[in-house]
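Comments concern the structure below.
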Amino acid sequence: MTSSAGVGFRELLLHREIRGVLLAQATSDIGDNFTRVAVATLVLVRADSALLSALTFAIAFVPPLFGTPLLTPFADRLSRKSVMLLCDLARAGIVAVLTVAAWLEAPLAALFGLLVLSEIFGVPFRAARQAMLPDILPDQQRFLAVQGLSQTLNQTNQVIGLVSGGLLTSLTHPVLALSIDALSFLVSGLLVATHVVRRSAPLPGKIGASTLVSDMGQAVRMIFSEPVRRAFVPFAWGIAYVLVAPEAVALLYAQQQGSRGLSGFLLASVPAGAAIGAVIVTRRSPARALDHMRLTAILAAIPLVLTGLNPPLPVTLALWVLAGLAQGFFVPTMFMTVTLATPMEYRGRVIGFASSIFSVMTVVGYVSTGALADLWSPAAAVASAGVFGVLVAAGLIAAWPGDALRRLVDQGTPARA
C-alpha cells in the first residue's frame with residue numbers, strides 16, 4: 001500500500017512531465033473560457049437573445065456526443081502525446097478561423113458550428129491526458145495528489161477565464177479574446193511537445209470504421225464488467241446533474257433576491273469551494289479519501305436541499321461553498337479510482353465514453369434546473385437537485401465495491417488487463 005503521507009503541490013510541479021501537462025491544461029482551459037465568453041457576447045449583441053447567448057456555454061458539453069465515438073479510440077491506439085499535440089494544433093486552427101469569421105461578422109450559425117468543432121477536439125485531448133497520468137505517476141498517493149491539483153486548476157481556470165474573458169470582451173472586442181484562445185492552444189502544444197515523454201500506443205493497430213465501433217462497444221462492456229467501474233461511473237453520471245444546479249440559476253437567484261451585484265459571487269461559489277476541497281483531498285491517503293467519499297457525496301447534496309428554505313443570499317453563498325467543498329473532495333477521488341481500476345490499453349476509451357455521458361447529464365442538469373426555476377423558483381429548483389443528489393449518493397453506498405477497492409488500494413499501482 002502507498003504511504004499515507006500527503007504529497008505537496010510543489011513536489012508535483014518539480015516533476016517535468018506533470019508540470020508540462022498541468023500548464024498545458026491551464027493555458028488551454030483559460031483560453032477556452034475566453035472563447036465561450038467572446039462568442040456569447042457576440043451572440044447577445046447581434047441577436048439580442050439571452051437564450052442563444054446561454055446556449056453558447058451549453059455547447060461546451062454537447063460535442064462529446066459526437067467526438068467520443070469518432071475520436072476517443074485514438075487515445076488508446078496512438079501515442080497519447082501525439083493525440084494531445086494533434087488536438088492542440090486542430091483547435092488552434094479552428095479558433096483562428098473562428099476569429100476571422102467573427103471579425104467578418106459571419107452568420108451566427110457559422111460561429112456556433114466552428115465552436116462545436118473546436119470543442120469536439122477537446123474530447124480526445126482530455127481522454128489522452130487523463131489516461132496518461134497513471135503512466136507518469138503510477139504511485140496512488142501521487143496520482144491522487146495530481147488529480148486534486150488538476151481539479152483545483154480546473155475550477156480556478158474557470159473563474160479566471162470567465163471573469164477575465166468578460167472584462168476583455170467588454171473593454172475591447174471579442175475578436176481579441178478569440179485570438180488569445182488560438183494562441184493558447186499553440187502554447188499548450190509547445191508545452192506538451194517539450195515536456196511530455198513520447199510513449200508507445202497502448203493498443204497499436206490499424207484504425208478503421210469497424211475498429212472505432214468495436215472499441216466503443218468494448219468501452220461500454222468494460223464499464224459494467226468490473227465492480228469499481230460499475231459503481232463509480234453511473235454515480236458520476238448521476239451526480240453530474242447535481243453539480244451544475246447552482247450555476248444554472250445563480251443569475252436569476254441573485255436577481256430575485258435584489259442583489260444582482262452579487263451574482264458573480266454566486267456563480268463562483270461552488271467552483272471556489274471545489275478548489276479548496278481538491279487541495280484538502282491531496283493531503284489524504286487514497287484509502288482515507290475513499291473512506292470519506294460516501295460521506296462527502298451526501299454532504300455535497302445537503303446544502304442544496306437546504307437552499308429550498310430560501311435563506312438570505314449570504315447564507316445561500318455559504319451553503320453553495322460548502323457544497324463545492326464536498327464536491328472538490330470526492331470528484332478527484334472518483335476520477336483517480338476509475339482511472340486506476342482501468343487497464344492501460346482500455347483507459348482512453350473508457351474515460352472518453354464515461355465523460356461523454358457525464359457531459360450529457362451536465363446539459364440535462366442545466367436545462368432541467370433552469371426549467372424548474374421558471375416553473376417554481378430558483379431555490380426550489382436547486383433543492384430538487386439536492387434531493388436527487390442524496391438519492392444518487394444512496395445508490396453509491398448501496399453498490400459500494402468494498403472488496404474490489406481494498407484490492408485496488410493494496411495493489412498500489414494501476415490495474416492491468
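One table, with the values for the structure above:
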read-out	value
Chain lengthening between residue 190 and residue 375 when straightened (0.36 nm per residue, less Cα-Cα)	61.7 nm
Simple spin-label estimate for residue 109 and residue 135 in nanometres, 7 Å along Cα-Cβ	4.2
Computed lengthening from residue 394 to residue 411, 0.36 nm per intervening residue step minus Cα-Cα distance	3.4 nm
The chain: C-alpha gyration tensor shape, a/c 1.5 cut-off, then a/b vs b/c	oblate
Residue 197-residue 19 FRET efficiency (beta carbon distance; Förster radius 22 Å; 0.05 resolution)	0.95
Ranked 362, 307, criterion: other C-beta atoms within 10 Å, fewest first	362, 307
Selection from 277, 289, 304 lying farthest towards where the dipole of the chain points positive, charges on Cβ	289
Paramagnetic label zone (point 7 Å from Cα along Cα-to-C-beta, residue 214; backbone N under 18 Å) in segment 334-356	345-350
Paramagnetic reach from residue 183 in segment 9-25 [backbone N under 19 Å; point 7 Å along Cα→Cβ]	23-25
Residues 200, 184, 179 arranged by fewest to most Cβ contacts within 10 Å	200, 179, 184
Cα gyration tensor category, rounded, prolate or oblate, for segment 214-411 with a/c compared to 1.5	prolate
In segment 340-417, chymotrypsin sites (Phe, Trp or Tyr not before Pro) in a DSSP loop with at most 13 other beta-carbon atoms within 10 Å	376
Restricting segment 254-306 to trypsin sites (Lys or Arg not before Pro) in coil, as DSSP defines it, with at most 16 other Cβ within 10 Å	283
Sequence of 121, 329 once ranked by neighbouring C-beta atoms within 10 Å, starting from the fewest	121, 329
From phi via Karplus (6.51, -1.76, 1.60), per-residue ³J(HN,Hα) for segment 332-339 in Hz, x at Gly/Pro	x, 5, 5, 5, 4, 5, 5, 5
Computed E for residue 318/residue 280 - FRET, C-beta separation, R0 25 angstrom, nearest 0.05	0.90
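Computed from the coordinates by the stated procedures, all read-outs in this text should not be read as laboratory data. Keep in mind the model is a prediction, meaning the values are calculated, not measured. Backbone-built Cβ (ideal geometry, glycine too); neighbour counts: all protein chains shown.
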